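The values are calculated or read from the model by the stated rules, or taken from the named source; none is laboratory data. Quick caveat: nothing in here was measured; it's all calculated off a predicted structure. Counting neighbours? That spans all protein chains shown, and the Cβs are built from the backbone with ideal geometry, glycine included.
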Amino acid sequence: MTVPSEILAAIRDARSILCATHTPMDGDGLGCGLALKRALEPRGKKVLLVTEAPAPPVYAFLAGYESIAVLGKDPVPAADLVLALDAGGPDRLGRVLAERPTGARIANIDHHVSNSAYGDLNWIDDKAAAVGEQVYLLLREGGYAIDAVAAQCLLVALVTDTGRFCYSSTTPRTLEIAADLLRLGAEPDRLQRELYASVGFGVLRLRSRAVEAIELRSQGRVAILTLPHGYGKDLGVDEEDVKDLIDMLIQVKGVVVAALFRGLAEGGTKVSLRSKDDRANVSALAARHGGGGHVRASGFTSSLAPGTARDALLAELEAAAVAGSR
Ligand SMILES: [Mn+2]
């Protein structure tokens, strides 16, 4: 898929650009934002990656990490153009969209099948395994140089969103882009060391504790973990580590659908869903509850407490798992 010309033109004409992604940031949104900053600034543009919550420290090894602006109570900075990256719906962007800078256009660049095309300009490519693929194509087609630093940021986007090139979303194009990023100077060994061989002991203890709380249903086809807000806080882990427990659930042999119910500070529950089979479509399931995502990875926010949210969703989880294991 070629890059929409109106998006290339909007970037070409913009002097100040805000890059925004969902909160908390993940490797795709963060890697894309930093790559865009690195590649566009030498062309005379001011580029700022903003977030509402501090960026996960695991990505601090990426050059430019320190430039990420945490909004806090500050007003959303002025800009000509907002690049909304990896955000399936306007709610995912929080204040940046709610308080959009005066006169700024919104370019929505995303790969979630559930994207609602909320931008003034929209480029939704659900065949892209990561927005990192789209940003790579955009920089190439726009004639912006990708140096080793930008290449490393884009490789992080690809690697983290594809489960290290193993998810079904991975295509020949994903790997061709990764190959080019390596040619441009990206360092996969450094990435592996920083992202996957740096697990804190507190995280291991968190996993060990969580294993005991996993609930298997439907003859082992559904794995559920229901956690109150603040779970694992005494272990010094962060929210992202708790969120990542979903990956442990879907790893279990025989499990087709996994669900993590995580209590939120403000009340309510964040529900994360994973599936091992396209027939168990957790994007559709999340969409019925106001969320979205990908066929095999999705989520939504419930106003119910974790245990109540779990009870309310159980029948749908079991039905999805049965559909996915026929
Ligand atoms: Mn993504």
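Inspect the stretch 254-265 for any residue being farther than 18 Å from LEU227 by Cβ, at pLDDT 95 or above and not in a strand (DSSP E or B) and give the result as yes or no. Steps first, please.
Here is the first cut: in the stretch 254-265, the residues farther than 18 Å from LEU227 by Cβ are 254, 256.
Of the ones still in play, those that are also at pLDDT 95 or above are 254, 256.
Of the ones still in play, those that are also not in a strand (DSSP E or B) are 254, 256.
Yes, the conditions are met somewhere in the stretch 254-265.
The criterion of being surrounded by 20 or more Cβ atoms within 10 Å (Cβ to Cβ) and under 13 Å from GLY94 (Cβ atoms) holds for VAL82. For the stretch 194-245, taking the residues that are part of a strand (DSSP E or B) and not hydrophobic (A, V, I, L, M, F, W, C), the one that is farthest from TYR59 (Cα to Cα) is identified as ARG217. Show the residue pairs that are 6+ apart or on different chains and have beta-carbon atoms under 9 Å apart, the first residue being within the stretch 124-137 and β-branched (Val, Ile, Thr), the second being in a loop (DSSP other than H, G, I, E, B) and modelled with pLDDT of 95 or more. Every condition considered, the pairs that remain are ILE124/HIS111; ILE124/ALA117; VAL131/ASP86; VAL131/HIS111; VAL131/ASP125.
Within the stretch 11-33, residues that are under 17 Å from GLY88 (Cβ atoms) and assigned to a strand (DSSP E or B) sit with their Cβ atoms under 8 Å from residues that are within 9 Å of the ligand (Cβ to nearest atom) and not aliphatic (A, V, I, L, M), at 6+ positions apart or across chains, in these pairs: CYS19/CYS32; THR21/ASP28; THR21/GLY29; THR21/CYS32; THR21/ASP86.
Checking the condition at pLDDT below 95 and surrounded by fewer than 18 Cβ atoms within 10 Å (Cβ to Cβ), which residue from ALA98, ALA63, ALA55 passes?
Numbers: ALA63 fails: at pLDDT below 95; ALA55 fails: surrounded by fewer than 18 Cβ atoms within 10 Å (Cβ to Cβ).
The conditions single out ALA98.
Just wondering, is there one or more residues in the stretch 168-178 that are within 16 Å of the ligand (Cβ to nearest atom), of a type outside the set (Val, Ile, Thr), assigned by TED's automatic domain parsing to the domain that holds LEU36 and free of Cβ contacts under 8 Å to residues at least 60 places away in the same chain? Can you show your working first?
Applying the first criterion (within 16 Å of the ligand (Cβ to nearest atom)) to the stretch 168-178 yields 168-171, 173-174, 177-178.
After this cut, where a residue has to be of a type outside the set (Val, Ile, Thr) as well, the list is 168-169, 173, 178.
The next check asks that each one be assigned by TED's automatic domain parsing to the domain that holds LEU36; those that pass are 168-169, 173, 178.
Next, from what is left, pick out any that are free of Cβ contacts under 8 Å to residues at least 60 places away in the same chain: 173, 178.
Looking for residues that are within 16 Å of the ligand (Cβ to nearest atom), of a type outside the set (Val, Ile, Thr), assigned by TED's automatic domain parsing to the domain that holds LEU36 and free of Cβ contacts under 8 Å to residues at least 60 places away in the same chain, one finds at least one in the stretch 168-178, hence yes.
The condition of being surrounded by fewer than 21 Cβ atoms within 10 Å (Cβ to Cβ) and in contact with a Ser or Thr (Cβ under 9 Å, 6 or more places away or on another chain) holds for only one of GLY220, GLY307, GLY236, GLY293, that being GLY307.
Looking for something farther than 30 Å from PRO4 by Cα, within 16 Å of the ligand (Cβ to nearest atom) and surrounded by fewer than 20 Cβ atoms within 10 Å (Cβ to Cβ) - is there at least one such residue anywhere in the stretch 194-204?
Start the filter on the stretch 194-204 by keeping residues that are farther than 30 Å from PRO4 by Cα, which leaves 194-204.
Next, only the ones that are within 16 Å of the ligand (Cβ to nearest atom) stay: 195.
This time we only want the ones that are surrounded by fewer than 20 Cβ atoms within 10 Å (Cβ to Cβ), so: 195.
Yes, the stretch 194-204 contains at least one residue that is farther than 30 Å from PRO4 by Cα, within 16 Å of the ligand (Cβ to nearest atom) and surrounded by fewer than 20 Cβ atoms within 10 Å (Cβ to Cβ).
Take the conditions in contact with a His (Cβ under 8 Å, 6 or more places away or on another chain) and touching a residue at least 60 places away in the same chain (Cβ under 8 Å) and apply them to HIS112. Does it pass? Yes: the conditions hold for HIS112. For the stretch 259-290, what are the residues that are under 19 Å from ASP241 (Cβ atoms) and surrounded by fewer than 22 Cβ atoms within 10 Å (Cβ to Cβ)? GLY263, LEU264, ALA265, LYS270 - these are the residues of the stretch 259-290 that are under 19 Å from ASP241 (Cβ atoms) and surrounded by fewer than 22 Cβ atoms within 10 Å (Cβ to Cβ).
In the stretch 196-223, the residue that is modelled with the lowest pLDDT out of those that are closer than 24 Å to SER275 by Cα and under 21 Å from the mean Cα position of the chain (by Cα) is TYR196.
The listed residues are LEU182, LEU154, and the only one of them that is more than 16 Å from the ligand (Cβ to nearest atom) and either crowded, with 22+ Cβ neighbours inside 10 Å or of a type outside the set (Gly, Ala, Ser) (or both) turns out to be LEU182. For the stretch 3-34, a tally of residues being closer than 16 Å to ASP110 by Cβ, within 16 Å of the ligand (Cβ to nearest atom) and not charged (D, E, K, R) returns 12.
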